[in-house]
Amino acid sequence: MILTQNLTKRYGKTLAVNNLNLNVDRGVIFGLVGENGAGKTTALSMLATLTLPSSGRAYVCGHEVTREPQAVRRAIGYMPDSFGVYDDLTVMEYLRFFAQCYGVDRRTISRRAEELLERVRLADKRDVYVNHLSRGMQQRLEVARCLMHDPDVLILDEPSSGLDPKSRLEMRSVLAGLRELGKTVIISTHILNELAEVADEVGILLRGELVAVAAVQVMVQHSSAYRTIVIDGRDLGDDFVKALFADPHVAEVRPLAPGWEVLYAGTLAQQAELLSRLVSEGFSITQFREQPTDIEQLFLRLAAIQEGAIS
Amino acid sequence: MKWHLNPLLLKEFRQRMRTIRAPLVITAYLFAMSALTVFLLYENVQGQLYLVQPTKSQQVFALVSLLQMVVVAFLAPAFASGSVSGERERKTLAVLLTTPVGPFGILFGKVVSSSALLVLLVVLTLPVYSLVFLYGGAVPAQVASVLGFQLVTIVVISVVCVLFSTIALRSTWSTVFAYGSVGLMTVIFGALGYGLKSLYEQNPIDYSALVWSHFFYALDPLYVEAAFLGVVSAAPHVWVPFVEFYAVVIAILLVPSLWRLRPQWFSWLPFVSGTEKQYQ
């Protein structure tokens, strides 16, 4: 449904997106994760026909974005990362306007608008002026707006950015509801945890390059396979780090103030063995505790490890 | 094929006409024009209405028409100068550009919606003009041509302002360009025409001064309107060079406007860089 082949975008000497190869199947919700400036918005704006690729190709529903942009525009619903709304239009009028832009007939507009307002929990706001809605409501309205012409593909760029925790949860539940519609969705975010309940697959974009793609389930399994151990003690220096890496289950060691944080892939028994070995080697350990690893931290670490490999 | 009214047009009409501002502007304008016309007619005859003659009535008609031209010329940028730049500043343009409406649809919708209120104002003043019919001095054909040219001028100024609004990234700059254009059309071109004509009158051998004088006069909507009113003597089809010149100006301005809206269309040009985001 969405296919990119070596998609690249340069702004002068800056490489915003570098050889992006994506293949998102029909009905899949794909999360594009990356820090600010990673190239997510540029990649999505190329798919939305707003930006011309410097090289490579991108196809949406079989239409090449540079050769058949009108067909692509009809097939997508695009929500930019930063958007505005029209003053002096009610919620219903706002949805009607965008549906008319796509040539949706009048009867379908009313029916679909009602359905979508229910879906994004704004049914009671249908006659409220759009500029009087809260930011969270406006963002949910944007999701409804993207769906008004019943596109096959949704491109949502940071749909939860700038929201408070409550609105973020509401948006997450709206996004999770998209699965029922069977749409192909590509969502960018820099908050990975948001995608855990929403996306089927996740890709990490790092400095314009897609460094990893995996099913969310795999990511969750990874997060449960790895555990984070915090170790503190007296005079734990380089020798201590060497001793840690002698254990094949140690994936990464990061300094803390004070102590060390260890990403550990072994079992609990192996973890106990590690502790007893460290003590037997004479290290003075005062603290050895496990702390929960969330999916986001894991992703960032994997990204950092990948970044090290790239550079 | 099913015909659809430009959705942008419907939206703009809804937004512009739903507040109290639009009826207030229309009412105030009609009241001012009516009061002025009645005052001029009354003043011309010192209160003795039986003294009203066709020539005096025509003077009133000419004065009111020229005044209306000045008003609409300077009101047009107020409606049109922020039309596209405002969308850009409100961050609504990018979404609009991902719809099938497209750059031409956006420009068309903006031009028609921003000139609509002024067209309405001009049409609504028809009954005011009819006051002069009471006493003769202006025939319906002349009134129609005068009003027709006012409508053409409104559309020309609106198009130029919308295009500048597309080219300039900020509304502040598009407003400066818009009023600069109106100033050029109504003041500078007229002054140039007058200066060159004076030059020719001092030195009748310099025929080129007269030719240029006619050229600049023909670009001034006030002068062309005055020619329609018979206030100045001009070539019979003085409006033709006016329309031709501004058609060329609009065609030239259309290129950078489209470039701002769809830089992709011009990507084959060597000097165009890929900085689309800042235009949208």
Response to the item:
Within the range B:215-237, the residues that are surrounded by fewer than 18 Cβ atoms within 10 Å (Cβ to Cβ) and within 23 Å of B:Q142 (Cα to Cα) are B:G230, B:V231, B:V232, B:S233, B:A234, B:A235, B:P236, B:H237
Discussion item. Can you tell me how many residues within the range B:241-266 are within 14 Å of another protein chain (Cβ to nearest Cβ) and charged (D, E, K, R)?
Written reply: 2
Worksheet entry | Of residues in the range A:55-67 being crowded, with 17+ Cβ neighbours inside 10 Å and small (G, A, S), the one nearest to A:C101 (Cα to Cα) | A:A58
Discussion item. Considering only residues that are in a helix (DSSP H, G or I) and among the β-branched types (V, I, T), which ones fall in the range A:73-104?
Written reply: A:V91
Worksheet item: Among A:V28, A:V120, which is the only one that is surrounded by fewer than 19 Cβ atoms within 10 Å (Cβ to Cβ), of a type in the set (A, V, I, L, M) and away from chain B (no Cβ under 14 Å)?
Response: A:V28
Discussion item. Please go through the range A:86-97 and give me each residue that is more than 7 Å from chain B (Cβ to nearest Cβ) and of a type in the set (F, W, Y), ordered by number.
Written reply: A:Y94
Worksheet, complete the sentence: Filtering the range B:11-26 down to residues that are outside any loop (DSSP other than H, G, I, E, B) and within 7 Å of another protein chain (Cβ to nearest Cβ) yields B:K11, B:R14, B:Q15
Worksheet item: Restricting the range A:68-85 to residues that are farther than 18 Å from B:E87 by Cβ and within 11 Å of chain B (Cβ to nearest Cβ), which is surrounded by the most Cβ atoms within 10 Å (Cβ to Cβ)?
Response: A:G77
Worksheet item: If you take the residues in the range B:108-124 that are buried (at least 19 other Cβ atoms within 10 Å of the Cβ), within 14 Å of chain A (Cβ to nearest Cβ) and not basic (K, R), which one is farthest from the chain's Cα centre (by Cα)?
Response: B:G109
Item to complete: Report yes if A:L3 is in contact (Cβ under 8 Å) with a residue 40 or more places away in the chain, within 14 Å of chain B (Cβ to nearest Cβ) and more than 25 Å from B:W259 (Cβ to Cβ), otherwise no.
Response: no
Practice prompt. Scan the range A:51-67 for residues that are within 11 Å of chain B (Cβ to nearest Cβ), closer than 22 Å to A:I187 by Cβ and either assigned to a helix (DSSP H, G or I) or out of contact with any Leu (no Cβ under 8 Å at 6 or more places or on another chain) (or both) and jot them down.
Written response: A:T51
Worksheet item: So which residues in the range A:127-164 are within 14 Å of chain B (Cβ to nearest Cβ), over 23 Å from the mean Cα position of the chain (by Cα) and hydrophobic (A, V, I, L, M, F, W, C)?
Response: A:V130, A:M148
Fill in: Filtered residue count, the range B:18-32, keeping only those that are surrounded by 10 or more Cβ atoms within 10 Å (Cβ to Cβ) and without any contact (Cβ under 8 Å) to a residue 40 or more places away in the chain
9
Fill in: Residue that is touching a residue at least 60 places away in the same chain (Cβ under 8 Å), surrounded by fewer than 22 Cβ atoms within 10 Å (Cβ to Cβ) and farther than 30 Å from A:L47 by Cα, where the choices are B:V132, B:V128, B:V139
B:V128
Worksheet item: Would you say B:S57 is hydroxyl-bearing (S, T, Y) and at pLDDT 90 or above?
Response: no
Worksheet, complete the sentence: Within the range A:116-173, residues of a type in the set (S, T, Y), within 20 Å of A:L89 (Cβ to Cβ) and in a loop (DSSP other than H, G, I, E, B) come out as A:S134
Discussion item. Yes or no: the range B:91-107 includes at least one residue that is surrounded by 18 or more Cβ atoms within 10 Å (Cβ to Cβ), among the basic types (K, R) and either within 14 Å of another protein chain (Cβ to nearest Cβ) or touching a residue at least 12 places away in the same chain (Cβ under 8 Å) (or both).
Written reply: no
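The values are calculated or read from the model by the stated rules, or taken from the named source; none is laboratory data. What you see is a predicted model, and the numbers here were worked out from it, not measured in a lab. FYI the Cβ positions are ideal-geometry reconstructions off the backbone, even for glycines, and counts take in every protein chain you see.
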